[in-house]
Amino acid sequence: MSAKVLIADDESNIVVSLSFMMKREGFDVLVARDGLEALGLIRRERPRLVLLDVMMPGMNGFDVCEAVRADAELRDTRILMLTAKGRDADRARGIGAGANAYVTKPFSTRDLVAKIRDTMS
Amino acid sequence: MISPAVVLGASFGYLLLLFAIAAWGDRRAAEGRSLIDNAAVYALSWGVYCTAWTYFGSVGRAATSGVWFLPIYLGPMLAMLLAWIVLRKMVRISRVYRITSIADFVASRYGKSPLLAALVTLITVIGIVPYIALQLKAASAGFHLLTGAPGSAPAAAWWRDGVFYVALALAAFAIMFGARHLDLAERHEGMVAAIAFESVVKLAAFLAVGAFVTWGLFDGMDDIWAQARTVPELSALFRLDGGGEPFAYAEWFSLTILSMLSVLLLPRQFQVMVVECVNERRIRRAAWLFPAYLLAINIFVLPIAVGGLLVFGPGAADAETFVLSLPLSQGAAAIALLAYIGGLSAVTGMLIVETVAVSTMVCNDLVMPSLLRLDRFGNRAGGDLTRLLLNIRRVAIIAVLMLGYLYFRIAGEAYALVSIGLISFAAVAQFAPALFGGMYWRGATWAGAFGGLLGGFAVWAYTLMLPSVAKSGWLPIGLVEHGPFGIELLKPERLFGLTGLDSLTHSLFWSLLVNVGLYVGLSLARAPAAREASQALLFVDVFRRGGAEPVFWRGRARLDDLKALARRFLGAARAAAIFEEEARGFGPPTPERVADARLVDRVERQIAGAVGAASARVIVASVVQEEPLTVDDVLEILEEASQLRGYARALEEASAELRAANEQLKTLDQLKDDFVSSVTHELRTPLTSIRALSELLLDAPELGPAQREEFLQIIVAEAERLSRLVNQVLDLAKIEAGGAEWNWTEVDLRALVTEAARATSELFRERGAAVALDLPDTVPALRADADRLMQVMQNLLSNAAKFAPRQGGRVEIALREEGDGLVVSVRDNGPGVAPEDRAGIFEKFRQGGDEATRPPGTGLGLSISRQIVEHLGGKMWVESEPGRGACFAFRLPLHPEREPHERESADR
């Protein structure tokens, strides 16, 4: 059985491109449209990897990330944060929240794939 | 009887305790932890009002005339409760101008006149020295009663008289704690602490005796009253009319007024209330606590008086010593000794403060002016005079006390001494017009004050002092009984045939009448001279001064001369401190540097603290070249000062405006930062899709045509979105800058709204929201820019779509005619707008909801919409209850006012 990846983003067009890439990488793709949905799916489906957007309605990516890190059972979840906010403060906050990697939008597809492979190894 | 050794031992032990407390108080003050900086201690120090005359005399008075001991305490209570605000002004004036005595206060107000200061001092000395003698007599009488020696007169030669040594000990105390350093404005915290302690002791002792009599000798107060009613001679005490005669309202009134004035004007009261005041804010509470103290110390006066009369029988014993003789007669030696110590505390407290206060006046206002007139003193170059000044003050302390002792030895039993309490009060009451008038009346002059004081004092001496001297047998009594040279009209106690008044009321009436008459009359007769006018302004308006206080001085002064002067009168250390502070403001001094008026004034004030305002004026005038001021100059200086104050205020306002502007800029900066961040986010989101999908297209030639087309469609849509955003930002910038083009035409708003709803129907379908239109069949056409209005409508509708709930979303669009305008409203059932956000929602860069949960947007849509509506002559608003949706609406006039001009510019 292939590993699961959760794509959490409220921008449907970005979800389209991300899920295409993840499927090509051999992942089983799950999609969430907001933070709460994302956290629920993480708890239920236990994906190995989460591509987490920061600006989402309901519960933002930072909060989701912190909630996951606070849960011992979800310890092995890899989190890669994606954000269109490029300020250093935002990057610091992402790493502070416990993300494994932090990628700024727009991203290069090759770099993203490389970073995901890196994170998973 | 108690052995003299025990009484003397206890007395000197008590004095030692006072020394210890004063030393402690001084040490705490030096450490900056003041013992006396609280309302309770401050109020207790005012208790120095209660002297031996209170402690022993009240009971005596109550025993002979019932409630007549009361006015002496009602006056101060009234004064404090009604006139604490006057006291506060006295304190403020004294602190600002470093005034250290009542003579200084009066003299300073009327142009720093040495003559006036000397007159006030003279009146004080004549009025107060007998009062000091009275205190010594009380201590002596108590001692003799306690030890069983006959009589109260000093039987032994002076060198074997204990009272003499008590007086010496007190002089030592006054010198140690009242004349240790020169600047009186530095206050004597140790002395005040000791005085407050004495107030506690005398209150406690008096209450102890009261309790002993009331519950020890009798069965409570009721028992005393009940027993008194059975004795005919005593029942009269409980009636106001004192048995038979009508109640003397005039006397009651004059006693109350007299004590009201005394509590502020007696030198010792001025000393503790004004000079020793640590903190002006304590006055308000102390003004309540002090009357409470007076009430407490008077509770047992009547019980002790009546109890004594019952125990000894009316007329059988001296009522003035009941406090001592009652416990003694019952063998309660300990209580008697305690009562004696209480009395001693009343005596010593009064003596210490009065002596310090009077000696300050004598030194500054009698001795100093004479010294200054001596060439030798004036020319003595350079030498430090502080030690000399202190020694003068010390000698003055000893002299005042010894004068009192001498008076006591000579006139111990005389009538003049017995009645001196009220006579003293009447003497200091003469200060009232000049002092209080000077604080509130700018027009009062030196001539008025001097004339009033002199006249009032002369009448006082003639109508009150002279009879008491005559009754003592030192002058023929015929003078009083038949008038001088037998002229009835000039009889001292029946002046101009005025009868029906007691001698005190009579004297008070005539002296204050003459005093006030001369004061007002002479003041009105001539306009104030420059120096009087300037001092009047400083005193009367003391609370009105801000930072820019006027300095009424013009002339030339060399810095080195001033420095030498300060060194002579203040000592090297203090002088250095003043000039160092000065140098910090103006850079290092040069020998020939000229001092400005402010510095001259500062030095003069400091010296005034040491030698009094009048002497300080003479001293400073001797080393500087002064231009005499005219009244016009005074007004000019005042004008300059008020201009300065005006500038200061303007400067303050300007800096406040700058601060506000800076805050606003900071807020704007923050908003701009947020805007840039928000715009960046909005730009990056479509770019992300475009870049990712085009990279994928490039990298994956194996993609099927359907996938390829989907990706390309997304890329196109996102590119459109990008252009929209860029257009919006530019659009806003254009509207803001006034560069937008407006195309005014006839607009059918009904058609426009319908079209907008149709154009956005896709958004609502995506969101799953129902749209309801509520439109009239026709509406009048109005003149507006149709494209801009469409932009507004689409913005409102897309907002509604964004904020409508995902399930059960409902949006109502309504159009109606209202007055001479049309109103369009778009109502959604989303989260609504919180009241605190409502005002800001139309501002640029502000977005509804919190950052994390709101739908993406530039925060520009509503701002642009409102600008458009307002440009079209309408207005836009929001109505909302949180949780129950929001309703955005705008109203457009059918006949906009600004259109013609716009069209012209549009046509060009």
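The values are calculated or read from the model by the stated rules, or taken from the named source; none is laboratory data. The model shown is predicted, which means the values in this text are computed figures rather than measured ones. Glycine gets a Cβ as well: all are built from the backbone with ideal geometry, and neighbour counts include every protein chain shown.
With B:Asn727, B:Asn799 as the choices, which residue is under 16 Å from B:Val826 (Cα atoms) and assigned to a helix (DSSP H, G or I)?
Working: B:Asn727 fails: under 16 Å from B:Val826 (Cα atoms).
None of the other options fit; the residue is B:Asn799.
Looking only at residues in the stretch B:671-690 that are more than 7 Å from chain A (Cβ to nearest Cβ) and among the β-branched types (Val, Ile, Thr), which one is surrounded by the most Cβ atoms within 10 Å (Cβ to Cβ)?
Residues of the stretch B:671-690 that are more than 7 Å from chain A (Cβ to nearest Cβ), as a first pass: B:671-676, B:678-679, B:682-683, B:686, B:690.
Checking the rest, the ones that are also among the β-branched types (Val, Ile, Thr) come to B:676, B:679, B:690.
Numbers: B:Val676: 12, B:Val679: 18, B:Ile690: 22.
Taking the candidates together, the pick is B:Ile690.
Out of all the residues in the stretch A:55-65, is one or more out of contact with any Lys or Arg (no Cβ under 6 Å at 6 or more places or on another chain), at pLDDT below 90 and surrounded by fewer than 16 Cβ atoms within 10 Å (Cβ to Cβ)?
no
Looking at the stretch B:726-743 only, could you name the residues that are crowded, with 18+ Cβ neighbours inside 10 Å and in contact with an Asp or Glu (Cβ under 8 Å, 6 or more places away or on another chain)?
Answer for the stretch B:726-743, where residues must be crowded, with 18+ Cβ neighbours inside 10 Å and in contact with an Asp or Glu (Cβ under 8 Å, 6 or more places away or on another chain): just B:Trp742.
Taking interchain pairs and intrachain pairs at least six residues apart, which have beta carbon atoms under 6 angstrom, with the first residue in the stretch B:186-211 and without any contact (Cβ under 8 Å) to a residue 12 or more places away in the chain and the second assigned to a helix (DSSP H, G or I) and of a type in the set (Asp, Glu)?
As it stands, the answer is none, since no pair meets every condition given.
Going by the structure shown, is B:Ala757 under 60 Å from the mean Cα position of the chain (by Cα), in a helix (DSSP H, G or I) and away from every other protein chain (no Cβ under 14 Å)? Steps first, please.
Values: under 60 Å from the mean Cα position of the chain (by Cα): no; in a helix (DSSP H, G or I): yes; away from every other protein chain (no Cβ under 14 Å): yes.
Spelling it out, it is not the case that B:Ala757 is under 60 Å from the mean Cα position of the chain (by Cα), in a helix (DSSP H, G or I) and away from every other protein chain (no Cβ under 14 Å).
For residues in the stretch A:6-45 being among the charged types (D, E, K, R) and part of a loop (DSSP other than H, G, I, E, B), which is surrounded by the fewest Cβ atoms within 10 Å (Cβ to Cβ)?
Ranking the qualifying residues of the stretch A:6-45, first place goes to A:Glu25.
Is it the case, given these coordinates, that A:Lys105 is in contact with a helix residue (DSSP H, G or I) (Cβ under 7 Å, 6 or more places away or on another chain), within 10 Å of chain B (Cβ to nearest Cβ) and surrounded by fewer than 20 Cβ atoms within 10 Å (Cβ to Cβ)? So that I can check it myself, show each step before the final result.
Details: in contact with a helix residue (DSSP H, G or I) (Cβ under 7 Å, 6 or more places away or on another chain): yes; within 10 Å of chain B (Cβ to nearest Cβ): yes; surrounded by fewer than 20 Cβ atoms within 10 Å (Cβ to Cβ): no.
When the stated conditions are applied, A:Lys105 does not pass them.
Among the residues that make up the stretch B:358-375, is at least one of them in a helix (DSSP H, G or I), in contact (Cβ under 8 Å) with a residue 40 or more places away in the chain and small (Gly, Ala, Ser)?
So far as the stretch B:358-375 goes, yes, one or more of its residues are in a helix (DSSP H, G or I), in contact (Cβ under 8 Å) with a residue 40 or more places away in the chain and small (Gly, Ala, Ser).
Could you figure out which of (1) over 27 Å from the mean Cα position of the chain (by Cα); (2) modelled with pLDDT of 85 or more; (3) crowded, with 17+ Cβ neighbours inside 10 Å; (4) more than 22 Å from B:Glu320 (Cα to Cα) isn't true of B:Ala193?
(1)
Of the residues A:Asp88, A:Asp63, A:Asp34, only one is more than 9 Å from chain B (Cβ to nearest Cβ) and either over 30 Å from B:Arg708 (Cα atoms) or among the charged types (D, E, K, R) (or both); which? Before you say what the answer is, go through the steps one by one.
Values: A:Asp63 fails: more than 9 Å from chain B (Cβ to nearest Cβ); A:Asp34 fails: more than 9 Å from chain B (Cβ to nearest Cβ).
Residue meeting the stated conditions: A:Asp88.
Only one of B:Arg584, B:Arg598 is part of a helix (DSSP H, G or I), surrounded by fewer than 20 Cβ atoms within 10 Å (Cβ to Cβ) and modelled with pLDDT under 75; which?
Working: B:Arg598 fails: modelled with pLDDT under 75.
Only one candidate qualifies: B:Arg584.
Of all residues in the stretch A:1-10, count the ones that are closer than 10 Å to A:Leu82 by Cβ and of a type in the set (D, E, K, R). Walk me through it before giving the result.
Taking the stretch A:1-10 as the starting set, the residues that turn out to be closer than 10 Å to A:Leu82 by Cβ are A:7-9.
Pick out the ones that are also of a type in the set (D, E, K, R) and you get A:9.
Count: 1.
Could you give me the residue pairs with C-beta distances under 7 Å whose first residue belongs to the stretch B:737-758 and is in contact (Cβ under 8 Å) with a residue 12 or more places away in the chain, whose second residue is among the β-branched types (Val, Ile, Thr) and part of a loop (DSSP other than H, G, I, E, B) wherever it lies, and which are 6+ apart or on separate chains?
B:Leu749/B:Val779; B:Arg750/B:Thr778; B:Arg750/B:Val779
Mind listing whichever residues of the stretch B:692-731 are more than 11 Å from every other protein chain (Cβ to nearest Cβ) and within 18 Å of B:His681 (Cα to Cα)?
B:Ala719, B:Glu720, B:Leu722, B:Ser723, B:Arg724, B:Leu725, B:Val726, B:Asn727, B:Gln728, B:Val729, B:Leu730
In the stretch B:29-84, which residues are under 31 Å from the mean Cα position of the chain (by Cα), of a type in the set (Gly, Ala, Ser) and crowded, with 20+ Cβ neighbours inside 10 Å?
Result: B:Ala29, B:Ala43, B:Ser45, B:Gly47, B:Gly75, B:Ala79.
From (1) free of Cβ contacts under 8 Å to residues at least 40 places away in the same chain; (2) surrounded by 13 or more Cβ atoms within 10 Å (Cβ to Cβ); (3) more than 14 Å from every other protein chain (Cβ to nearest Cβ), pick out the condition that doesn't hold for B:Asp632.
Every condition holds for B:Asp632 apart from (2).
Being touching an Asp or Glu at 6+ places or on another chain (Cβ under 6 Å), of a type in the set (A, V, I, L, M) and not in a helix (DSSP H, G or I), is that true of even one residue in the stretch B:286-302? Before you say what the answer is, go through the steps one by one.
Going through the stretch B:286-302, the residues touching an Asp or Glu at 6+ places or on another chain (Cβ under 6 Å) turn out to be none.
Looking for residues that are touching an Asp or Glu at 6+ places or on another chain (Cβ under 6 Å), of a type in the set (A, V, I, L, M) and not in a helix (DSSP H, G or I), one finds none in the stretch B:286-302, hence no.
Among B:Gly438, B:Gly443, which is at pLDDT below 90, assigned to a loop (DSSP other than H, G, I, E, B) and outside the structural domain of B:Val106 (by TED's automatic domain parsing)? Give the derivation first.
Details: B:Gly438 fails: assigned to a loop (DSSP other than H, G, I, E, B).
None of the others qualify; the one that does is B:Gly443.
Which pairs have Cβ atoms under 7 Å, sit 6 or more apart or on different chains, and link a residue in the stretch A:100-119 that is without any contact (Cβ under 8 Å) to a residue 24 or more places away in the chain to one that is β-branched (Val, Ile, Thr) and surrounded by 19 or more Cβ atoms within 10 Å (Cβ to Cβ)?
Here the result reads A:Asn100/A:Ile79; A:Thr104/A:Thr83; A:Pro106/B:Thr688, each pair linking the stretch A:100-119 to a residue that is β-branched (Val, Ile, Thr) and surrounded by 19 or more Cβ atoms within 10 Å (Cβ to Cβ).
Sort out which residues of the stretch A:71-85 are out of contact with any strand residue (DSSP E or B) (no Cβ under 7 Å at 6 or more places or on another chain), surrounded by 14 or more Cβ atoms within 10 Å (Cβ to Cβ) and either more than 8 Å from chain B (Cβ to nearest Cβ) or under 22 Å from A:Arg43 (Cα atoms) (or both), and write them in order of number. Give the derivation first.
Residues of the stretch A:71-85 that are out of contact with any strand residue (DSSP E or B) (no Cβ under 7 Å at 6 or more places or on another chain), as a first pass: A:71-76, A:84-85.
Applying the additional criterion that residues be surrounded by 14 or more Cβ atoms within 10 Å (Cβ to Cβ) yields A:74, A:84-85.
Hit for the stretch A:71-85 is A:Leu74, nothing else.
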